[in-house]
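Q: Submitted below is the structure of interest, expressed as structure tokens.
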Amino acid sequence: MTQLADTAESGTEEVPRLPPPSRGYRLMHGIGWTLIWLGALTMGFVVHQLWMTTFFAKQNQAELIVDLEERFGSAEIIEIPYIPVTPPTDSPPPDDPPIASGALGNLGVLRAEAPPEEGAAFAEIRIPSLASLQDGWAVVEGVSLDDLKNGAGHMPWTPLPGQPGNSVISGHRTTYGQPFHDLDLVEFGDLIEVKTALGTHTYAVREIHVVNPTELWVTHPRSGAWLTLTTCNPKFSAKERLIVAAELVEGPNAEVILGRL
Amino acid sequence: MRRIYRALPGPTPVKIVTSIVVVAVALVALHFFYEWVGSSFLDTGGTVG
């Protein structure tokens, strides 16, 4: 038997006990553990933002793709006269988005679909030159916080893709599925495909800008048919916006809008 | 942690189930807390990094 056991059996000698911790020690102990928990909470937040939000967004995407197929099969297609969009002005952009103006004329007939409801998926965007966007992302109507949690969002006050003017789609860069994570890798001339109930509209990248979040001119109407993609810049920051503007080159309405008829 | 686990009522299987439920509820609460923090303090106008 060990000496400890012998001592315990005999009960003659007391086991030396540590003095009770001082107040300062307990205070430091408490502060230390609080900092450890705060650190763990912060790390958890980072993990949640970068990975968990993407996990949930991809779950939502799977459901949206099913909704899209239903919409593509059932959306009502109408024909409307082509009204060219007149851009507001070339010199300093105004603070508020101007109203698109145009004149009726016998310029042809466009195919159009009914505007989607807020939050509903109505299009799928693909950028074949980007690995992350080769398979496509569902685009929902609206750019509210909740809308963008599900995928890329279309600004409701801009025309739908494939229509004259400037159709604007926004998406997250590093969270919620990060649909536009690699948008900085696109090059001039790269193609962007947007599939809607009308068919596939193909745009070619013409402009790439980095602007402040307050520079709303990027959403203003343009002559012809344009698609503008916006996302945060640089990655992991919302300090600036990365803007990719692409011009319609192919699609159900391209012949009319580009004046090839 | 161990002290909290021991303080749970019931035999070991009940303690295990109770722990799993408590952790699951805590994770769900944490998820909503993180969502709130993210949209309240990180988002600026609808599009975030």
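Q: Name the residue, out of A:ALA62, A:ALA114, A:ALA40, whose mean-square fluctuation peaks in a Gaussian network model built on chain A with Cα pairs under 10 Å.
A: A:ALA40
Q: Given 0.36 nm per residue, what is the gain on full extension from A:ALA120 to A:GLU215 after removing their alpha carbon distance, in nm?
A: Once the chain is fully extended between A:ALA120 and A:GLU215, it gains 31.5 nm.
Q: Enumerate lysine pairs in the protein assembly as shown that are 8 or more residues apart or on different chains, then count those whose Cα atoms are under 21 Å apart.
A: Working: A:LYS58/A:LYS149; A:LYS58/A:LYS195; A:LYS58/A:LYS235; A:LYS149/A:LYS195; A:LYS149/A:LYS235; A:LYS149/A:LYS239.
The result is 6.
Q: A follow-up question, please. Amide H of A:CYS232: which non-local residues (sequence gap of 5 or more, or other chain) have their own amide H closer than 5 Å, using H built in the peptide plane?
A: It is A:ARG173, A:LEU242, by chain and number.
Q: Could you work out Rg/(2.2 N^0.38 Å) for segment A:205-261, with Rg from alpha carbons only?
A: Dividing the Cα Rg of segment A:205-261 by 2.2 N^0.38 Å gives 1.35.
Q: Could you report the buried accessible area between B and A, both sides summed, computed with a 1.4 Å probe and given in Å² to the nearest 100? Can you show the working numbers first?
A: On the way: alone 4440 and 15110 Å², together 17990 Å².
In total, this chain pair buries about 1600 Å².
Q: Report, to the nearest 10°, how far helix A:23-47 tilts away from the longest principal axis of the Cα atoms in chain A, using its own Cα long axis and a range of 0 to 90°.
A: Between helix and principal axis, roughly 30 degrees.
Q: Could I ask something else about it? Tell me the per residue accessible area of the protein assembly as shown using a 1.4 Å probe; a whole number in Å² is fine.
A: 58 Å²
Q: In whole Å, what are the extents of segment A:158-261 along the principal axes defined by its C-alpha atoms, from largest to smallest?
A: Cα spread of segment A:158-261 along its principal axes, largest to smallest: 45, 25, 23 Å.
Q: Bin all alpha-carbon pair distances of chain B at 10 Å intervals from 0 and give each bin's fraction as a whole percent.
A: 23, 32, 19, 16, 10, 0
Q: Over chain A, calculate the relative contact order: mean separation of alpha carbon pairs under 8 Å at least 6 apart, over the residue count, as a percent.
A: On the way: 519 pairs, mean separation 46.5, N = 261.
Answer for chain A is 18 percent.
Q: Under a 10 Å cutoff between Cα atoms, tell me which one of A:VAL249, A:VAL194, A:VAL47 has the largest fluctuation in the Gaussian network model of chain A.
A: Result for chain A, Cα springs under 10 Å: A:VAL47 fluctuates most.
Q: Which whole-Hz ³J(HN,Hα) couplings does segment A:66-78 yield from phi under the Karplus relation 6.51 cos²θ - 1.76 cosθ + 1.60, θ = phi - 60°, glycine and proline marked x?
A: 5, 4, 4, 4, 5, 5, 4, x, 10, 5, 7, 9, 10
Q: Now for a separate question. Explain nothing, just the number: dipole magnitude of the protein assembly as shown about its Cα centre with +1 on each Lys and Arg Cβ and -1 on each Asp and Glu Cβ, in debye rounded to the nearest 20.
A: 1280 debye
Q: Let me ask something additional. Where Rh is the Kirkwood radius over the Cα pairs of segment A:106-222, the temperature 37 °C and the viscosity 0.692 mPa s, what D in µm²/s does Stokes-Einstein return?
A: In µm²/s, the coefficient rounds to 221.
Q: Further question: Go ahead and run the numbers for FRET between A:ALA204 and B:LYS15, Cβ-Cβ distance against an R0 of 51 Å, rounding to 0.05. Could you put the intermediate results ahead of the total?
A: Values: r = 63 Å, r/R0 = 1.24.
About 0.20, to the nearest 0.05.
Q: Okay, moving on. Using modelled amide H (1.01 Å from N, peptide plane; none on Pro or chain starts), what sits under 5 Å from the amide H of A:ASN166, excluding residues fewer than 5 places away?
A: Long-range HN contacts for A:ASN166: A:ARG222, A:TRP226.
Q: To the nearest whole number, what is the average tally of beta carbon atoms from other chains within 10 Å of the beta carbons of peptide A:19-27?
A: 0
Q: To one decimal place, what Kirkwood hydrodynamic radius in Å is obtained for the protein assembly as shown from all pairs of distinct Cα atoms? Before the final figure, lay out the partial values.
A: Values: mean 1/r = 0.0432 Å⁻¹.
That comes to 23.1 Å for the protein assembly as shown.
Q: Can you figure out the FRET efficiency of A:LEU27 with A:SER129, using R₀ = 45 Å and their beta-carbon distance, to the nearest 0.05? It would help to have the intermediate numbers written out before the result.
A: On the way: r = 59 Å, r/R0 = 1.31.
Efficiency, rounded to the nearest 0.05: 0.15.
Q: Please compute, for peptide A:62-73, the average count of beta-carbon atoms on other protein chains lying within 10 Å of each residue's beta-carbon. Intermediate results must be reported in sequence, preceding the final value.
A: On the way: counts 0, 0, 0, 0, 0, 0, 0, 0, 0, 0, 0, 0.
Mean partner shielding for this stretch: 0.
Q: Under 8 Å for C-alpha pairs, at least 6 residues apart: give me the relative contact order for segment A:115-261, rounded to a whole percent.
A: The normalised contact order for segment A:115-261 reaches 22 percent.
Q: Taking the simple approach of a point 7 Å from Cα along Cα-to-Cβ for both A:GLU255 and A:LEU41, what is their distance in nm?
A: Result: 6.3 nm between the two label points.
Q: Follow-up. Of all accessible surface on segment A:177-261 at a 1.4 Å probe, what whole percent is carbon and sulfur?
A: Values: 1770 of 3470 Å².
That fraction is 51 percent.
Q: Next question. Which residue fluctuates the most in chain A, going by a Gaussian network model with Cα springs under 10 Å, if the choices are A:GLU113, A:GLU14, A:GLU63?
A: Largest GNM mean-square fluctuation: A:GLU14.
The values are calculated or read from the model by the stated rules, or taken from the named source; none is laboratory data. Everything quoted here is computed from the prediction, not taken from an experiment. Ideal geometry is used to build each Cβ from the backbone, glycine not excepted, and the neighbour counts take in all protein chains shown. For accessibility, only protein heavy atoms count, side chains too; no ligands or nucleic acids. Shrake-Rupley method; radii C 1.70, N 1.55, O 1.52, S 1.80 Å.
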